[in-house]
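S.K.: Sending over a structure as structure tokens; questions will come in a sec.
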Amino acid sequence: MDQYKPETNGNLLRVEDLRTYFAIKKGLLRRTVGFIKAVDGVSLSIKAGGTLGLVGESGCGKTTVARSIIRLVPATAGKVFFEQKEILSIGKKRLRKLRSDISMIFQDPYGSLNPRMTVANIVGEPLKVHKGVTGTELSERIAALLFRVGLSAEHMNRYPHEFSGGQRQRIGVARALALGPKLVICDEPVSALDVSIQSQILNLLKDLQDEFGLTYLFIAHDLAVVEFACDVVAVMYMGKIVERASSRQLYRNPLHPYTRALMSAIPKLESASVSEGSAGRGAAGSGQGKRVPQGEVPSVLHPPSGCPFHPRCPLAKGRCLESMPQLEEKDDGTEHFVACWKR
């Protein structure tokens, strides 16, 4: 089996062996005594016009991957290619141009908007800074952006506190679209919203992708949301990708025990008779087939040896405790990659 290496053909974004470590400092001299490996060897790729879902429990490194890609957090090692050009080593002038091509929608629709700025200033700031747009043209472009995300020109002079959570997230989407980006990083864009509003924002993102040919890196912990929104899904655990496959393949046949546990935790409304009849379907099923992992995520300060999931895995034994499995392709040509000795 071949170790996973992202292909270059047709990819808008390609990440190779990305590592982001945070130093642990102690003492009066603030000497480095260790590192927190928030991202530890992540490789992925996203085809132009596609959506890659990055999923996992809180603290697994999903957001750090995103922030490292756009250089909000400095990466320790690795390479990131955008349109075949390496972007982690570019200078400030080229980085400024890159800011127009890659934008981000943040998780918190409350904290991500400046409460002292009007909607017009929030949405128009990227246009003024990067494009030099002012006056009537600026007002017209802001109004057009607001209309496209389901708001109106009447909202331009209002402040964030005057809007609901869903409306604030629409403002965040409008800001992200202001410069006509090619890649949009969606950092849990619906997790802070009510379920009914979540569906509205997801449908909006789908419509915008179809209209403008956008490419999404979609970060989430809700696998039900990811199944709807994404073409390809990568599952992260403790800074590493442990499984990667097309959305359809992953949800039909999850291979890693951690992925199966996440699938099992998706709420399902089923009758007792259905649950009883499907009890033996496996971890991705319902009822008695669930395999929810026991215990807590290990400390990133003292990670376990071998497979990082082995302290919580019901299948772990021998080799799992001693050596780290590599992300390798399953022997069926489905481009389904998994890092597990028990695959």
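S.K.: Can you pull out the residues in the range 74-114 that are among the small types (Gly, Ala, Ser) and in contact (Cβ under 8 Å) with a residue 60 or more places away in the chain?
M.R.: Once the filter is applied, which keeps residues that are among the small types (Gly, Ala, Ser) and in contact (Cβ under 8 Å) with a residue 60 or more places away in the chain, the range 74-114 yields Ala77, Gly78, Ser100, Ser103, Ser112.
S.K.: OK, next. Quick one: count up the residues across the range 75-85 that are under 18 Å from Gly41 (Cβ atoms) and either at pLDDT below 95 or basic (Lys, Arg) (or both).
M.R.: 1
S.K.: Now for a separate question. Under the condition of being more than 27 Å from Glu83 (Cα to Cα) and outside any strand (DSSP E or B), which residue from the range 212-248 is modelled with the highest pLDDT?
M.R.: Met238
S.K.: Here is a follow-up. Scan the range 124-146 residue by residue and report those that are loosely packed, with under 15 Cβ neighbours inside 10 Å and of a type in the set (Ser, Thr, Tyr).
M.R.: Once the filter is applied, which keeps residues that are loosely packed, with under 15 Cβ neighbours inside 10 Å and of a type in the set (Ser, Thr, Tyr), the range 124-146 yields Thr134, Thr136.
S.K.: May I pose another question? Can you tell me which residues in the range 315-340 are aliphatic (A, V, I, L, M), part of a loop (DSSP other than H, G, I, E, B) and surrounded by fewer than 19 Cβ atoms within 10 Å (Cβ to Cβ)?
M.R.: Within the range 315-340, Leu315, Met324 meet the criteria.
S.K.: Pick out the one residue from Ser68, Ser100, Ser89 that is closer than 29 Å to Ala174 by Cβ, polar (S, T, N, Q) and surrounded by fewer than 20 Cβ atoms within 10 Å (Cβ to Cβ).
M.R.: The match here is Ser100.
S.K.: Does Asn121 satisfy the condition of being of a type outside the set (A, V, I, L, M, F, W, C) and either surrounded by 14 or more Cβ atoms within 10 Å (Cβ to Cβ) or touching a strand residue (DSSP E or B) at 6+ places or on another chain (Cβ under 9 Å) (or both)?
M.R.: yes
S.K.: Only one of these is in contact with a helix residue (DSSP H, G or I) (Cβ under 9 Å, 6 or more places away or on another chain), under 30 Å from Ser246 (Cβ atoms) and either of a type in the set (Phe, Trp, Tyr) or not in a strand (DSSP E or B) (or both): Val73, Val80, Val133, Val42. Name it.
M.R.: It is Val73.
S.K.: Say whether the condition of being buried (at least 17 other Cβ atoms within 10 Å of the Cβ) and within 18 Å of Val173 (Cβ to Cβ) is met by at least one residue in the range 232-244.
M.R.: no
S.K.: Check off (1) within 28 Å of Gly306 (Cβ to Cβ); (2) free of Cβ contacts under 8 Å to residues at least 60 places away in the same chain; (3) buried (at least 18 other Cβ atoms within 10 Å of the Cβ) for Gly56 and give me the number that stays unchecked.
M.R.: (2)
S.K.: Residues in the range 103-118 that are loosely packed, with under 13 Cβ neighbours inside 10 Å and more than 16 Å from Gly165 (Cα to Cα): how many?
M.R.: Summing the residues that are loosely packed, with under 13 Cβ neighbours inside 10 Å and more than 16 Å from Gly165 (Cα to Cα) in the range 103-118 gives 1.
S.K.: Moving to a separate point now. Scan the range 104-120 for residues that are at pLDDT below 95 and either among the small types (Gly, Ala, Ser) or more than 23 Å from Gly172 (Cβ to Cβ) (or both) and report the count.
M.R.: 2
S.K.: Still on this structure, please answer the following. Hey, among the residues in the range 174-203 that are under 23 Å from Ser139 (Cα atoms), in contact with a helix residue (DSSP H, G or I) (Cβ under 7 Å, 6 or more places away or on another chain) and aliphatic (A, V, I, L, M), which one's surrounded by the fewest Cβ atoms within 10 Å (Cβ to Cβ)?
M.R.: Leu179
The values are calculated or read from the model by the stated rules, or taken from the named source; none is laboratory data. What you see is a predicted model, and the numbers here were worked out from it, not measured in a lab. Neighbour counts are summed over all protein chains in view; Cβ atoms, including those assigned to glycine, are modelled from backbone coordinates with ideal geometry.
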